[in-house]
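The values are calculated or read from the model by the stated rules, or taken from the named source; none is laboratory data. In this text the structure is predicted, and so the values were computed from the model without any measurement. Ideal geometry is used to build each Cβ from the backbone, glycine not excepted, and the neighbour counts take in all protein chains shown.
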Ligand SMILES: [Zn+2]
């Protein structure tokens with residue numbers, strides 16, 4: 001998604017426009033493809049340029065992905081857990097994200113505060129974590145001689161975390177404040193939440209990743225311990241290491257540290273799905289905003305659907321670069337200040353979003369009519385190849401930008417491996433973004449931009465209250 005306002009909504013992985021020009025990956029059946037070779041304990045997967053990624057899967061289900069890149073004496077270390085707000089249940093919303101906070105508390109080996117102190121002492125940068133609808137990810141970047149430290153700390157907190165009432169209550173308060181800041185006091189946060197609540201009625205994407213205030217208030221340390229017990233397990237984890245590292249040494253270290261942690265192989269809690277949307281849904285909000293805003297969302301298939309690469313091309317056509325169709329029709333024409341679009345890369349069927357900030361005095365309904373006109377154009381007229389090429393080039397550049405840092409590469413590897421089931425299938429999908437044809441765009445627009453599957457949220461400035469006399 002292009003707009004900063006969207007990206008800043010922590011806890012949500014937004015439409016990541018990732019595409020690559022790898023050409024050797026064959027159609028995958030979910031197992032290894034012909035371009036994947038074996039090197040002892042590793043599967044070797046062609047990545048970008050001359051890079052390869054080595055993958056090992058341990059008997060307890062833990063996956064290890066390594067991209068060796070000696071260009072800088074550092075490495076990124078990320079742990080991707082297949083658990084997010086999607087795994088929560090009604091009444092316990094926000095638990096996955098609250099739990100992410102608790103992971104920085106003490107363990108049986110390291111009292112509270114030591115995790116951060118040791119990493120800071122080692123010169124760690126960007127120590128962070130985030131929770132999305134589908135995943136929870138712990139992110140570190142360190143000098144190359146700190147591998148033993150981080151792998152020791154991460155393996156320890158996968159299994160030895162202590163969640164007591166005191167640490168639970170402190171962190172819940174932190175999360176409640178975060179919630180106020182991100183949702184209640186933010187127009188974008190409120191619109192985003194309302195959009196998902198309106199578009200999804202049964203599926204867990206209905207509720208915000210950060211959860212509801214009431215659920216957080218009623219939650220207990222025992223809920224967090226149960227969540228840890230159920231979902232934090234090697235078979236739900238993928239460790240991604242990118243940087244100046246020795247692959248065999250890393251393998252041995254990870255095997256020593258994590259090998260003895262049993263894989264629990266627990267199933268997801270039952271995840272309800274929505275029945276098909278058959279009528280347009282609309283909401284109007286009065287918010288603390290100076291200008292009107294409008295967000296539109298159409299239902300789109302899950303990340304691993306054959307149609308999903310098309311939406312990246314559509315994003316490029318509509319809102320990437322100065323020549324994006326909506327940028328020209330809305331921003332250049334003086335109706336809007338900013339336009340963004342994109343489909344969320346979600347494990348279950350998700351949304352294609354279009355969001356617009358209007359110029360002062362311009363109405364959201366005007367923007368909506370322009371958007372609908374542009375979508376009709378996509379449905380009725382094939383896109384010219386040169387225009388599609390432009391969109392493709394813009395998306396490619398955005399993708400390449402993500403690969404500049406070790407952290408960016410690790411993020412991409414983690415996202416593709418966990419999102420698509422394996423990296424090679426993810427890369428194959430990314431490659432397809434470049435092969436999208438004008439026909440496919442037209443067919444997808446006709447199929448998915450159906451106004452009976454549309455959700456619209458309009459936000460207008462809250463009327464100013466009449467000033468009260470001085471007390
Ligand atoms: Zn947080």
**Prompt:** What residue, of 283, 253, 264, is modelled with pLDDT under 95 and surrounded by 13 or more Cβ atoms within 10 Å (Cβ to Cβ)?
**Reply:** 264
**Message:** Criterion first (touching a strand residue (DSSP E or B) at 6+ places or on another chain (Cβ under 9 Å) and either at pLDDT 95 or above or away from the ligand (no atom under 16 Å from the Cβ) (or both)) does residue 171 satisfy it?
**Reply:** no
**Request:** Out of 92, 183, report the one residue that is away from the ligand (no atom under 13 Å from the Cβ) and more than 28 Å from residue 76 (Cβ to Cβ).
**Result:** 92
**Asked** Taking residue 408, is it crowded, with 24+ Cβ neighbours inside 10 Å, in the same structural domain as residue 457 (by TED's automatic domain parsing) and free of Cβ contacts under 8 Å to residues at least 12 places away in the same chain?
**Response** no
**Message:** Given the criteria modelled with pLDDT of 95 or more, more than 22 Å from the chain's Cα centre (by Cα) and outside any helix (DSSP H, G or I), does residue 245 qualify?
**Reply:** yes
**Fill in**
Among 151, 132, the single one that is assigned by TED's automatic domain parsing to the domain that holds residue 243, more than 14 Å from the ligand (Cβ to nearest atom) and either within 25 Å of the chain's Cα centre (by Cα) or surrounded by 20 or more Cβ atoms within 10 Å (Cβ to Cβ) (or both) is 151
**Members of segment 154-174 found to be crowded, with 20+ Cβ neighbours inside 10 Å and in a helix (DSSP H, G or I), listed by number** = 154, 155, 157, 158, 168, 171, 172
**Message:** Looking at segment 430-450 only, could you name the residues that are out of contact with any helix residue (DSSP H, G or I) (no Cβ under 6 Å at 6 or more places or on another chain) and modelled with pLDDT under 95?
**Reply:** 430, 431, 435
**Request:** Residues being closer than 21 Å to residue 195 by Cβ and surrounded by 21 or more Cβ atoms within 10 Å (Cβ to Cβ): count how many of those fall in segment 325-346.
**Result:** 11
**Message:** Test of understanding: among 208, 204, which residue is in the same structural domain as residue 178 (by TED's automatic domain parsing) and over 18 Å from residue 457 (Cβ atoms)?
**Reply:** 204
**Asked** Would it be correct to say that residue 126 is surrounded by fewer than 16 Cβ atoms within 10 Å (Cβ to Cβ), in contact (Cβ under 8 Å) with a residue 24 or more places away in the chain and either within 16 Å of the ligand (Cβ to nearest atom) or in a helix (DSSP H, G or I) (or both)?
**Response** yes
**Message:** Can you confirm whether residue 89 is assigned to a loop (DSSP other than H, G, I, E, B) and closer than 25 Å to residue 219 by Cα?
**Reply:** yes
**Message:** Can you find, within segment 199-218, the residue that is farthest from the ligand (Cβ to nearest atom) among those that are buried (at least 18 other Cβ atoms within 10 Å of the Cβ) and part of a helix (DSSP H, G or I)?
**Reply:** 199
**Prompt:** Given 394, 370, 383, which one is free of Cβ contacts under 8 Å to residues at least 60 places away in the same chain, surrounded by 16 or more Cβ atoms within 10 Å (Cβ to Cβ) and out of contact with any strand residue (DSSP E or B) (no Cβ under 7 Å at 6 or more places or on another chain)?
**Reply:** 370
**Fill in**
The one condition residue 146 fails out of (1) over 25 Å from the mean Cα position of the chain (by Cα); (2) buried (at least 19 other Cβ atoms within 10 Å of the Cβ); (3) within 16 Å of the ligand (Cβ to nearest atom) is (3)
**Prompt:** Quick one: would you say residue 100 is within 14 Å of the ligand (Cβ to nearest atom) and over 17 Å from the mean Cα position of the chain (by Cα)?
**Reply:** no
**Message:** Can you confirm whether residue 140 is within 16 Å of the ligand (Cβ to nearest atom), crowded, with 17+ Cβ neighbours inside 10 Å, modelled with pLDDT of 95 or more and under 24 Å from the mean Cα position of the chain (by Cα)?
**Reply:** no
